[in-house]
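In what follows, a single structure is set out as structure tokens and then discussed.
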Amino acid sequence: MKTYQQVVETFQSASNAHLAINSFAEGALDYLDASSQDIKYPYIFLRPLTSNGIVLDANGVSGERTLTFELYSLDIPKLSDASPLKIKSDTEQYIYDIIAWFNLGDNQRSEYLTLQNITPVDEAFNDRAYGWVAVVNYTDSYYLDFCNYPKL
């Protein structure tokens, strides 16, 4: 099982591997708004929502941990007459590309993403940003043993 920091770094790796995505950040929504002037678009923002903790199987040894995130994919028009429709089309695809990177990538991983829903975004941050916010579940396998005991 990965630590929360490692999970975020995995999302960042997926974003960095994408040729069209220019920046990535994680945090609360007020951070998204406060940092909007420094963003290089297209932009992926990861907002943590919930976790059900570790759900063990009947033997109480192995199981899964699921973390739920909002995954924002945003861009702004490069030209004043650029179409928000094209931006929404592209930013939706970026979300599916990140899901594919997790689930079908070349690395053998125990984690995977599932999509709960996806909603269009039209927000006025520093500029008018268009895109999508997806609610995704990040699931990773877990094996309980003494070696996993937290090191303080």
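Structural remarks
- Exposure rank, largest accessible area first [Asp140, Asp38; 1.4 Å]: Asp38, Asp140
- Rounded if a/c under 1.5, otherwise prolate or oblate - region 1-94, Cα gyration tensor axes: prolate
- In this rough spin-label picture, where each label sits 7 Å from Cα along the Cβ direction, the Leu29-Leu115 distance is 2.2 nm.
- Placing dummy labels 7 Å off each Cα toward the beta-carbon, the span from Val55 to Glu92 is 2.9 nm.
- Protection proxy ranking of 86-95, 52-61, by the mean of other Cβ atoms within 10 Å over each peptide's residues and highest first, is 86-95, 52-61.
- Computed from label points 7 Å out along Cα-Cβ, the spacing between Ser13 and Ser141 is 1.7 nm.
The values are calculated or read from the model by the stated rules, or taken from the named source; none is laboratory data. Computed from a predicted model, the values in this text were never measured in an experiment. We place every Cβ from the backbone using ideal geometry, glycine too, and count neighbours over all the protein chains shown. Just so you know, the surface numbers come from the protein's heavy atoms only, side chains and all, with ligands and any DNA or RNA stripped out. Shrake-Rupley method; radii C 1.70, N 1.55, O 1.52, S 1.80 Å.
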